[in-house]
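Below you'll find the structure, written out as structure tokens, and then a few comments.
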Amino acid sequence: MNALPQFAEVILPLSLPQTLTYGIPLELQADIAVGMRVEVALRANKVYTALVVALHNRRPEGYEVKLIRSIVDKTPIVNKRQIRFWSWVAKYYLASPGEVMQCALPAHLKIQSETRLLWTGLVEDPEAWTEEGYLAFEALQVKKELAISELRALVSARHLVAVLHELLERGAALVDESLKSSYKPRIEKIVSLGADYEPEDARKALFDQLSRAPKQLQILLAYMQLYAQQGQVRQPALLEKSGASPASLKALVDKGIFDIEEIPVDRLARNTTGTLKDITFTPAQQQAYADLEAGLAQKPIALLHGVTGSGKTLLYIRKIREVLAQGKQAILLLPEIGLTTQLVSRLYAYFGEELGVYHSRFSDNERVEIWDKVLNGTYRIVVGPRSALWLPYHNLGLIIADEEHDPSYKQRDPSPRFHARDAAIYLATLHDAQVILGSATPSVESLYHAQIGKYGYAALTERYLGVKMPVIEVIDAKSIDQLRPQGIDLLTPELIAAITDALGRRKQVILFQNRRGYAPFLICVACGFVPHCRNCSVSLTYHKSTDKMHCHYCGLKVPVIHSCPQCGSDKIRSKSFGTEKIEEEVQRVFPQARVARMDVDSTRAKNSFTDLLDQMQNQTIDILVGTQMVVKGLDFAPVALVGILLADGLLSFPDFRVNERAFQLMEQVSGRAGRSDGAGRVIIQAYNKDHPTIGWVQRHDGTAFYEHEIKFRELFSYPPFVRMIRIVFRHKEHAVAATAALTMADSMQKIDGIEVQGPVSGLVAKVRNQYVQEVWLKCPRIKEIIDAVKARLLHERSLLMAQRGHSALQIQFDVDPV
């Protein structure tokens, strides 16, 4: 018989470099299991929920082990495969276990104590207290307990500590540090007929009794109708149908005619009725599916390269159904939350109640309930962005990464800075599952891996039902000059004519410019002064909707300048243009058209993105102006014209992936046109019409683009031929950041076989009042060298952070930056 474990390794949701060891009290040893949450104390008895990741009998040496206080769960909420996945993410992306836990678990599963004040029952004379002290004392008397955050809202910040001392010294409050779960189930009030009125003759007598009380009789009639239709009567529905007040219903409850019971209900319940849809392939889809199956028979990963509008989703659905039939689970990853809105409504028709959706726009309570539904097997397929990888799957058979090329799969901040596509491949290996990477414009890395035989490959080269690809025209942007006397600065005559034609045929138009705001910067034409953010080394962007200048890095908003602070001139002009300015000009040129804008600023509200999609679907929008949000997989049949307003802006960014990003964005946005009838048209406005990337987009020639790009990557040692790591240093003093970066670079130079670039200032040299320095590493794709590099990085960071004056220094690692 195995001995019961005496010690537990736990992860806390803190940026600690390793797990911590706690002792297990004798009375808990038989009940504890890996994957359970436990209550532990750390740092002056601050209480946290920790996650058990290992159990053993090895007593740590050199310090006294604290004991676990209690076990939070009856059964594990995280399985062993998840813990292995977390461990890999932490190790590969140079993150701490706590940072991974913080990212992976929904907020309400990370219970943390907050200091609370409990009323002792003391009654006091108000004259003996300070004014704010007695205000806090009264609140404590009424509520019986107060969190420190609530006390902070009651009293001024400068008196907070004094008031806290006053409450404790007078014996009015006790300090409580116990854990409190913030998850609350949704409660619904259900109305039922009193037991005395269940017999039919008793109900008849009740109708006679209430005939003299018409309002109460109306409630009874409404109840009988709802009960016959639904079998369960919710209080809000009863009050709405009867038109009665809560007081009238309470009177019937007091008489014993009705009972009201509070029961927990599913926040995520939805009505799915009818039979599930069948799948019918075109011959091209059937061939592509056969190739996909052949590829997956040889390799666990396959790249599905299908042109825009080819119907890749139907292939996904067929494969998912096969996996579900085997009793396994599936994940469909999407790069953006917005894409789930349009796709999920289609998927419900194929999967019904087995389909779950998971993303950050759900409330914390909803995310806990989704977690539980995956844990208990209710949801067998989950659709969502990168956060969907963290759910507690127990038997994965398939992971699909749609739009696999999209940089949104990479998490920037906070740590772990993981890439969901690459992490999904590792997660699949833990479950012995298959992976499908789908895209109309695959990443260079994925195409290379397919080329060398690491991935299977299947191509879908024609649109659904043979619909033609859109015709792409490249227009010289200089032709705008002839319209400037009319006040038109952004639209060429050719684009205006094309929009007029599309609107005349009752078709929709999408105009793309990958820059939000009204004017990316203002400039004094007399002296050249450009307003910059006082916290960041970037120009401020003018937003007409707020009539302020915004910093897109720190959020600063300042009033618009009307005279130059440098020379006093009033000749302030806007330069370049963003989506707000396009929207304004389009509305002026086409006053009868219904124009809308889709960018980060216009879709901040919870349902604003969904509302925009519904308006496009219902054709209550004629022209949609947007940033790259309009590029990502949206499918609107009536869109006949797409305009790319300034292609040059996509091709001038200082990044080795600039041509790849530009090709993908232009090809993807072009794919929104003519998806139903093949009569799509795309107009690209550019000053440099002869740029090779524009030519490849015009010919839809992804092969030529790839062949050129892969030679460039190999020649200059860029991925996929090397692994890259970016090290970022931030500090409020430039000298501290620069010296730390130089020290790190010198240390890394000592490792043979790698290339060290920098230190250099960041692309934005100052963000939120902190100077930014960067060091870039290029490492050969040799595991031993990469492991040595990562070990050296962690060691050097610990040495740098231990130096005097470096307590505020930030050092961040970005493995495989995009």
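The values are calculated or read from the model by the stated rules, or taken from the named source; none is laboratory data. Please read all numbers here as calculations on a predicted model, not as lab measurements. Using ideal geometry, Cβ is built from the backbone for each residue, glycine included, and neighbour counts are taken over all protein chains shown. Note: accessible area is taken over every heavy atom of the protein model, side chains too, but ligands, DNA and RNA are not part of it. Shrake-Rupley method; radii C 1.70, N 1.55, O 1.52, S 1.80 Å.
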Of the conditions (1) aliphatic (A, V, I, L, M); (2) farther than 30 Å from residue 370 by Cα; (3) open to solvent by 70 Å² or more (accessible area, probe 1.4 Å), residue 187 clears all except one; give me its number. (2)
Residues within region 790-818 that are more than 30 Å from the chain's Cα centre (by Cα) and either within 27 Å of residue 554 (Cβ to Cβ) or open to solvent by less than 20 Å² (accessible area, probe 1.4 Å) (or both), tallied: 5
Considering each of 610, 541, 546 in turn, give the residue that is of a type in the set (Val, Ile, Thr) and within 23 Å of the chain's Cα centre (by Cα). 610
Residue within region 729-745 that is of a type outside the set (A, V, I, L, M) and over 34 Å from the mean Cα position of the chain (by Cα) present: yes
Would you mind stating whether residue 268 is at pLDDT 90 or above and either closer than 26 Å to residue 674 by Cβ or open to solvent by less than 80 Å² (accessible area, probe 1.4 Å) (or both)? no
Quick check on residue 745: is it farther than 17 Å from residue 442 by Cβ, at pLDDT 95 or above and either among the hydrophobic types (A, V, I, L, M, F, W, C) or touching a Pro at 6+ places or on another chain (Cβ under 7 Å) (or both)? yes
Tell me, please, whether a residue that is buried (at least 20 other Cβ atoms within 10 Å of the Cβ) and either in contact with a strand residue (DSSP E or B) (Cβ under 6 Å, 6 or more places away or on another chain) or farther than 27 Å from residue 668 by Cβ (or both) can be found in region 706-717. no
Going through region 203-261 in order, the residues found to be within 14 Å of residue 189 (Cβ to Cβ), polar (S, T, N, Q) and open to solvent by 70 Å² or more (accessible area, probe 1.4 Å) are 232
Residue by residue through region 54-99, note down the ones that are farther than 30 Å from residue 397 by Cα, in contact with a Phe, Trp or Tyr (Cβ under 7 Å, 6 or more places away or on another chain), open to solvent by less than 30 Å² (accessible area, probe 1.4 Å) and not β-branched (Val, Ile, Thr). 56
Looking at region 18-38 only, could you name the residues that are surrounded by fewer than 18 Cβ atoms within 10 Å (Cβ to Cβ) and either among the aliphatic types (A, V, I, L, M) or at pLDDT below 90 (or both)? 26, 30, 33, 34
So residue 197 ticks every box in (1) at pLDDT 85 or above; (2) among the aromatic types (Phe, Trp, Tyr); (3) under 43 Å from the mean Cα position of the chain (by Cα) but one. Which box is left unticked? (3)
Can you list residue pairs whose Cβ atoms sit under 6 Å apart, with the first residue in region 604-622 being surrounded by 14 or more Cβ atoms within 10 Å (Cβ to Cβ) and the second being assigned to a loop (DSSP other than H, G, I, E, B)? Count only pairs 6 or more apart in sequence or on different chains. 615/621; 616/636; 619/638; 621/594; 622/593; 622/594
